[in-house]
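Enquirer: Handing you a structure now.
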Ligand code: RRO
C-alpha cells in the first residue's frame, strides 16, 4: 500500500509536550497501540512501546485459546484493510501469566471478549493479574455471540460493564462498534455501568469480492474495515460521543499522520489508538505522529487538554 503517512516533522527541543494523565495512569504520550496489531505476545507489546507508543492494548483475549477464522483473513483495500481474524488468541490465563513476566514499559490494557456479563467478569478478574487497565471488546463485527453481538444492546452493555467494573480495581474501557445508529446510547450505557472511558471505534463492517473468481475474498466472507478509509467515521463517532458522555473518549480509526490525530482530538478524544498504520506506516508512526502533534500544540500555543473537544467550542 502506498505510504502517505510519514509526516514532515521537527523535534521540539527535548520535550514533546504530549505526556498525559488519564484514567489514573501516566502516559508519555497519548498514542496507544490498538488491539489486534502486535498484541498477541507481551514481546510485541514491548516492541510497540520501544518504538514510541504511550500505552498498548493486547489482542482480544477469551476464556479459551482460539484459532480464529480460516484464511484469507486479511486483505488490503483502498486506504485500509479488511480483516476477519476471528479473535485468535492464546487464552486469558496463559497470556496473563506471560505478561506478568515482562516489563512492557508503559500501561497495558488487556482487551477481553465474552458472551455475557459473567464471562466478562471472570475475564476481567484474570486479566487484572497483570494488566493496568481493561478494554471490553463489545464491537468485533464478525464473530458469533461476542463482540458487536453483545455490544449493540445498551441494557446488556450496561450489565457487562457493571459486572466487569465490580470484578477489578483497574480502569475499565468499553470499545464501541460503529455498526449501529445507537453509538451514543451504547456509550451512555457503558458510562452508567461504570466505565472509566470509551474507545471509539472498532472496524466498520465490510466485504470484498474477487472479480476473477466471483467469490467473496475473505474466508469468513465478511470482515471489518480499518485504516484511513474509516477516519471520517471515527471523527463523527467521537464527536457525537463527546456531546453525549462525560467520561474520556479514546479515538481510533485511521490515525496515521499528525493531522489525523489532531482531528480526532478536536472531535473530543483524550487519547488515540493506532492499529492499521503500524502495518502501513511502520512502527515509526508513533514517534512521527507524536512529534507532529507536539509541534502543532507548540505552534498553536495550546496544551493537549486545551485541544480535546475544541471543535465543539469554536
Ligand atoms: O479478531 C478479529 O477478527 C477482530 C477483532 Br477481535 C476486532 O475487535 N475487530 C476486528 O476487526 N477484528
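Enquirer: Between 196, 229, 174, 190, which is over 23 Å from residue 162 (Cα atoms), in contact with a strand residue (DSSP E or B) (Cβ under 7 Å, 6 or more places away or on another chain) and either within 13 Å of the ligand (Cβ to nearest atom) or at pLDDT 95 or above (or both)?
Expert: Result: 229 is the single residue among 196, 229, 174, 190 that is over 23 Å from residue 162 (Cα atoms), in contact with a strand residue (DSSP E or B) (Cβ under 7 Å, 6 or more places away or on another chain) and either within 13 Å of the ligand (Cβ to nearest atom) or at pLDDT 95 or above (or both).
Enquirer: Let me ask something additional. Of everything in the range 152-171 that's within 16 Å of the ligand (Cβ to nearest atom) and in contact with a helix residue (DSSP H, G or I) (Cβ under 6 Å, 6 or more places away or on another chain), which residue is nearest to residue 239 (Cα to Cα)?
Expert: Across the range 152-171, the extreme among qualifying residues is 157.
Enquirer: I would also like to ask the following. Inside the range 201-210, can you point out the residues that are part of a strand (DSSP E or B), within 16 Å of the ligand (Cβ to nearest atom) and over 15 Å from the mean Cα position of the chain (by Cα)?
Expert: Correct list: 205, 206.
Enquirer: Taking residue 129, is it surrounded by fewer than 23 Cβ atoms within 10 Å (Cβ to Cβ), in contact with a helix residue (DSSP H, G or I) (Cβ under 7 Å, 6 or more places away or on another chain) and within 16 Å of residue 33 (Cβ to Cβ)?
Expert: No.
Enquirer: Given the residues 184, 247, 198, which is the only one that is touching a residue at least 60 places away in the same chain (Cβ under 8 Å) and either part of a helix (DSSP H, G or I) or under 24 Å from residue 170 (Cα atoms) (or both)?
Expert: None of the others qualify; the one that does is 184.
Enquirer: Right, here's the next one. Where in the range 26-102 are there strands (runs of 3 or more DSSP E), lying wholly inside it, with at least 1 residues that are within 16 Å of the ligand (Cβ to nearest atom) and touching a helix residue (DSSP H, G or I) at 6+ places or on another chain (Cβ under 6 Å)?
Expert: Ranges flagged: 31-33, 55-57, 80-83.
Enquirer: Only one of these is within 24 Å of residue 149 (Cα to Cα) and assigned to a strand (DSSP E or B): 115, 125, 135. Name it.
Expert: 135
Enquirer: When you scan the range 131-145, how many residues do you find that are within 13 Å of the ligand (Cβ to nearest atom) and touching a strand residue (DSSP E or B) at 6+ places or on another chain (Cβ under 8 Å)?
Expert: The total comes to 8.
Enquirer: Could you tell me whether the range 294-307 includes any residue that is outside any strand (DSSP E or B) and surrounded by 24 or more Cβ atoms within 10 Å (Cβ to Cβ)?
Expert: The answer is no; no qualifying residue exists.
Enquirer: Using beta carbons and a limit of 7 Å, which pairs, at least six apart or on different chains, have the first residue in the range 223-236 and closer than 11 Å to residue 264 by Cβ and the second one assigned to a strand (DSSP E or B) and away from the ligand (no atom under 13 Å from the Cβ)?
Expert: Cβ pairs passing all conditions: 234/251.
The values are calculated or read from the model by the stated rules, or taken from the named source; none is laboratory data. Here the structure is a predicted model, which is why all the values come from computation and not from measurement. Don't worry about glycine lacking a Cβ; one is built from the backbone with ideal geometry, like all the others, and counts go over all protein chains shown.
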